[in-house]
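Input: a single structure, listed below in structure tokens.
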Amino acid sequence: MADDPQSLPDELLEALGQADAWAGWEEQPADVRALYVRWVSRPWRAGERRLRAETTAYYAAHGALDKGVQRPRLWEAIASILPF
């Protein structure tokens, strides 16, 4: 899904091109790209999709897209490995 440029939301295609962020976008893992594609395409309002796309392109251009994903907190990680 996130590997094919035709499957990206129009707002994200435009924002990645304007920010010259394609290199940063393509170096991210496929699951991270898919997460951002879903996040950008979720809102109904075009203005909100555009804002999310610009935010995504900014972080992709700076190589920080993966760092923007909130990981489980420590207690959640510990609880996930406990055998209950």
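Please work out if G17 is at pLDDT 90 or above, more than 12 Å from the chain's Cα centre (by Cα) and surrounded by fewer than 11 Cβ atoms within 10 Å (Cβ to Cβ).
Working: at pLDDT 90 or above: yes; more than 12 Å from the chain's Cα centre (by Cα): yes; surrounded by fewer than 11 Cβ atoms within 10 Å (Cβ to Cβ): no.
When the stated conditions are applied, G17 does not pass them.
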Qualifying residue in the range 37-44 (condition: surrounded by fewer than 16 Cβ atoms within 10 Å (Cβ to Cβ), of a type outside the set (G, A, S) and either in contact with a Lys or Arg (Cβ under 6 Å, 6 or more places away or on another chain) or modelled with pLDDT under 85 (or both)):
yes
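I'm checking my understanding of the structure. Among residues of the range 1-14 that are of a type in the set (D, E) and either assigned to a loop (DSSP other than H, G, I, E, B) or in contact (Cβ under 8 Å) with a residue 12 or more places away in the chain (or both), which one is surrounded by the fewest Cβ atoms within 10 Å (Cβ to Cβ)? Spell out the reasoning first.
We begin by selecting, within the range 1-14, every residue of a type in the set (D, E); these are 3-4, 10-11, 14.
Imposing the further condition that a residue be either assigned to a loop (DSSP other than H, G, I, E, B) or in contact (Cβ under 8 Å) with a residue 12 or more places away in the chain (or both) reduces the set to 3-4, 11, 14.
On the way: D3: 10, D4: 7, E11: 22, E14: 15.
Across the range 1-14, the extreme among qualifying residues is D4.
The values are calculated or read from the model by the stated rules, or taken from the named source; none is laboratory data. What you see is a predicted model; the values in this text were computed from it and never measured. Heads up, the Cβs are rebuilt from the backbone with ideal geometry, glycines too, and the neighbour counts pull from every protein chain shown.
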